[in-house]
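The values are calculated or read from the model by the stated rules, or taken from the named source; none is laboratory data. Small disclaimer: the values here were computed from a predicted structure and weren't measured. Cβ placement follows ideal geometry from the backbone for every residue including glycine, while neighbour counts extend to all protein chains displayed.
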Amino acid sequence: MIKVGFISLGCPKNLVDSEVMLGHLRLKGYAITRNMEEAEILVVNTCGFIESAKKESIEAILEAASMKASGACKKLIVAGCMVERYRDQLMADMPEIDACLGTRDVEHIAEFLGAGDSLFEPDRDPAYLYDEHSPRLLTTPKASAYLKISEGCDHACAFCAIPAIRGPQRSRTIDSILAEARQLVAQGVLEINLVGQDSTDFGRDLGDPDALEKLVRALGTVEGLQWFRIHYSYPNRITDGLLSAMAETPNCVKYLDMPLQHADAGVLRTMARGGGRHTFLKLIQKIRRRVPGIFLRSNFIVGFPNETEMAFEELRSFIEEAQFEHVGVFTYSREEGTPAYDMGDPILRRTKESRKRKLMELQQKIARKKNQALVGKTLEVLVEGAHEETDLVLKGRHYGQAPEVDGNVLIVGGEPRLNAIQTVKITEAHAYDLVGVVLE
């Protein structure tokens, strides 16, 4: 069996593409190896969203190329968003690359590898969207999985290259998503994380603006699905109907990922986002009123070309007032092909980094205070495995912690069971992690 090594970079949506490619390779009899040194074929699924992600992707390609020069690797395949943006440049600058697969080519990977030295040109489908019939080899912890409900995006945010990379919004049907959810549960998955470029746009391209609300209620009927949560929601798409569905569906965890990007109305207007501090605060108040106990996550960009010190202070003040449970902060990356590209990049890197640091220090204080309020309480925790730093401590997540981005619950006592949801008493709190003991 030919051994294939796989390097997947970027967001959970890209990870789903990687899992579909792995599924096809497994079906065709390829052996998947975690040891890159022994792989005869290396696949790098790249991210091309912002400059730092592109640099990481290039470094991974170069590392794979060095393995091809000195190790067992005979073929190097590059896939993903970088290919969509820079296919010709990659092939010209890196002769070590044998083939490039774009985001619409993922289900053709076995044909690419089977073509040998001949050139394989797939019939690229601009409307491509994986579904429940696409094979997947899950790479997440056994009890948790991502499920992509749509592809592409119809928004025109000035800083974002995703519509050019992934194409327009394309939603799956509710029946297709339910079918895949049941398949995942049958594999032992307890938690599903719904992802899309804009999850709250789900179904609008099919003529149903209430589709996400219907999907939430439908997933509530999937037997064995303990938790599911919504990622990547757009603020002006959050309806009263959706909030009611979240509040009334027991296995829809009270969690919402809502990237706002900024709070200053002028910056948001230039970003082609709309909204502002007061609008967002009213929305947050409504969400917390309609869905009691909800955990909110948001992401923000600092250093956008027209972000003045006053605009940054508006954002800082907003975050202090909003009191999110989780926040991510990114520095602005000028990307060719985006509407904001012609605005240049006038804000110094050190200024961007300083603003990012100030926001993260503020959020750390907020998060620590919120976590301290959980000490002495009991939470349902999905136990996932050993901590990265020591095998002596197991880690898990409560419903208000999404995978990879929101911290963990460190389990230091009791009788934890892997891949199970158990009751944990919280005994200690830090800025991002909690500590507790299993009670049951």
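General remarks:
- When restricted to residues that are crowded, with 19+ Cβ neighbours inside 10 Å and either charged (D, E, K, R) or part of a loop (DSSP other than H, G, I, E, B) (or both), the stretch 204-233 contains 7.
- Cβ-Cβ contacts under 7 Å between residues 6 or more apart (or on different chains), taken from a first residue in the stretch 287-310 that is over 26 Å from Gly407 (Cβ atoms) to a second residue that is loosely packed, with under 15 Cβ neighbours inside 10 Å, are listed as Pro305/Gly344; Pro305/Pro346.
- Any hit, the stretch 358-377, residues being under 25 Å from Met246 (Cβ atoms) and in contact with a Ser or Thr (Cβ under 9 Å, 6 or more places away or on another chain): no
- Flag if Gln401 is modelled with pLDDT of 95 or more and not assigned by TED's automatic domain parsing to the domain that holds Glu307: yes
- Of the numbered criteria (1) touching a helix residue (DSSP H, G or I) at 6+ places or on another chain (Cβ under 6 Å); (2) assigned by TED's automatic domain parsing to the domain that holds Asn193, the one Ala429 fails is (2).
- Scanning the stretch 244-254 for residues that are out of contact with any Leu (no Cβ under 9 Å at 6 or more places or on another chain), not in a loop (DSSP other than H, G, I, E, B) and not charged (D, E, K, R) gives Ser244, Ala247, Val253.
- If you go through the stretch 10-34 and keep only what is in contact with a strand residue (DSSP E or B) (Cβ under 9 Å, 6 or more places away or on another chain), among the small types (Gly, Ala, Ser) and either modelled with pLDDT of 95 or more or within 19 Å of Ser144 (Cβ to Cβ) (or both), you end up with Gly10, Ser18.
- Failed item in (1) closer than 26 Å to Ala145 by Cβ; (2) in contact (Cβ under 8 Å) with a residue 24 or more places away in the chain; (3) assigned to a loop (DSSP other than H, G, I, E, B), with Glu389 passing the rest: (2)
- Residues within the stretch 82-97 that are crowded, with 19+ Cβ neighbours inside 10 Å and in a loop (DSSP other than H, G, I, E, B), tallied: 1
- Residue-level check: of (1) touching a Pro at 6+ places or on another chain (Cβ under 9 Å); (2) aliphatic (A, V, I, L, M); (3) surrounded by fewer than 20 Cβ atoms within 10 Å (Cβ to Cβ), Leu101 misses just (3).
- Taking the stretch 49-58 as the range and being surrounded by 12 or more Cβ atoms within 10 Å (Cβ to Cβ) and either assigned by TED's automatic domain parsing to the domain that holds Ala161 or assigned to a helix (DSSP H, G or I) (or both) as the test, the residues that pass are Glu51, Ser52, Ala53, Lys54, Glu56, Ser57, Ile58.
- Total residues in the stretch 50-72, condition in contact with an Asp or Glu (Cβ under 8 Å, 6 or more places away or on another chain) and more than 15 Å from Ile97 (Cβ to Cβ): 4
- Highlighted here are the strands (runs of 3 or more DSSP E) found entirely within the stretch 396-440 that include at least 2 residues which are in contact with a Lys or Arg (Cβ under 7 Å, 6 or more places away or on another chain) and within 16 Å of Ala386 (Cβ to Cβ): 409-413.
- Residues in the stretch 137-150 that are in contact (Cβ under 8 Å) with a residue 60 or more places away in the chain and in contact with a helix residue (DSSP H, G or I) (Cβ under 7 Å, 6 or more places away or on another chain): Leu137, Leu138, Thr139, Tyr146, Leu147, Lys148, Ile149.
- Residue ID - modelled with the lowest pLDDT, chosen from residues in the stretch 59-81 that are aliphatic (A, V, I, L, M) and part of a helix (DSSP H, G or I): Ala69
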